[in-house]
Amino acid sequence: MSEEAPESAPDVAPEEAPSTEPEQFDPERAQAKIKKANQEAANLRARLKELEPLAKKAQELEEAGRSDLEKLTARAEQAERTASQHEARAQRLEVAFEKGLTPAQAKRLVGGTREELEADAEEILRDFPVKDDGRPKGNADLGPRTNAPPANPRQADLMQIEADLRAAPRR
């Protein structure tokens with residue numbers, strides 16, 4: 001076995017460890033930094049004022065650069081949306097009229113096609129029937145109402161006294 005000399009690391013200067021002590025506050029240096037920041041802010045404000053008219057002009061040029069076709073396309077799309085909304089409303093009103101719904105019932109019609117609207121109208125009429133004069137026929141969901149005596153005997157006594165007082169002749 002041959003003994004080799006241990007390799008030595010290249011000469012590197014050891015890194016200086018950062019100081020753990022906080023820097024001393026220097027009011028003059030702080031004032032200088034504030035003054036410099038204020039100058040930079042003032043320069044940026046001045047530059048912004050110079051650029052605002054240019055940005056507005058660029059926006060105007062971009063708008064003017066849109067082709068007539070793009071403008072007309074946007075207007076046509078808006079008109080189609082409005083027309084489809086009006087058609088849907090007209091169809092909803094037609095179905096409500098044909099089925100004899102009240103205005104309050106007509107507001108609640110839901111559906112994308114005429115068939116869906118008609119099915120919804122029939123469901124509304126089944127759940128909330130209408131009298132001949134256009135008024136709803138009570139609340140169909142509650143079922144028959146009964147005058148069952150209250151579970152509390154004192155309440156039953158009070159109800160009986162009230163009924164007796166109403167039935168008694170007035171003097």
Just to be sure before I move on: is Glu21 part of a helix (DSSP H, G or I) and either exposed (fewer than 10 other Cβ atoms within 10 Å of the Cβ) or at pLDDT 90 or above (or both) in the structure I sent?
no
Odd one out for Glu77 among (1) under 34 Å from the mean Cα position of the chain (by Cα); (2) modelled with pLDDT under 80; (3) of a type in the set (Asp, Glu)
(2)
Could you list, in sequence order, the residues of segment 25-70 that are of a type in the set (Lys, Arg) and either in contact with a Leu (Cβ under 7 Å, 6 or more places away or on another chain) or outside any helix (DSSP H, G or I) (or both)?
Arg66
Check off (1) in contact with a Ser or Thr (Cβ under 9 Å, 6 or more places away or on another chain); (2) exposed (fewer than 10 other Cβ atoms within 10 Å of the Cβ); (3) of a type in the set (A, V, I, L, M, F, W, C) for Ala96 and give me the number that stays unchecked.
(2)
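Of all residues in segment 108-147 being basic (Lys, Arg) and modelled with pLDDT of 85 or more, which is nearest to Ala88 (Cα to Cα)? Steps first, please.
The initial filter retains those residues of segment 108-147 that are basic (Lys, Arg), namely 108, 114, 126, 131, 135, 137, 145.
Narrowing further to those that are modelled with pLDDT of 85 or more: 108, 114, 126.
Numbers: Arg108: 13, Arg114: 9, Arg126: 23 Å.
Checking each candidate, the answer is Arg114.
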Determine if segment 82-92 includes at least one residue that is part of a helix (DSSP H, G or I), more than 30 Å from the chain's Cα centre (by Cα) and either surrounded by 10 or more Cβ atoms within 10 Å (Cβ to Cβ) or of a type in the set (A, V, I, L, M, F, W, C) (or both).
no
Just the residues that are in contact (Cβ under 8 Å) with a residue 24 or more places away in the chain and among the small types (Gly, Ala, Ser), please, taken from segment 113-129.
Ala121
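Report, by residue number, each residue of segment 96-116 that is closer than 15 Å to Gln85 by Cα and of a type in the set (A, V, I, L, M, F, W, C). Give the derivation first.
To start, the set of residues in segment 96-116 that are closer than 15 Å to Gln85 by Cα comprises 107, 109-114.
Selection gives Leu109, Val110.
The values are calculated or read from the model by the stated rules, or taken from the named source; none is laboratory data. Values in this document were obtained by computation on a predicted structure and should not be read as measured data. Counting neighbours? That spans all protein chains shown, and the Cβs are built from the backbone with ideal geometry, glycine included.
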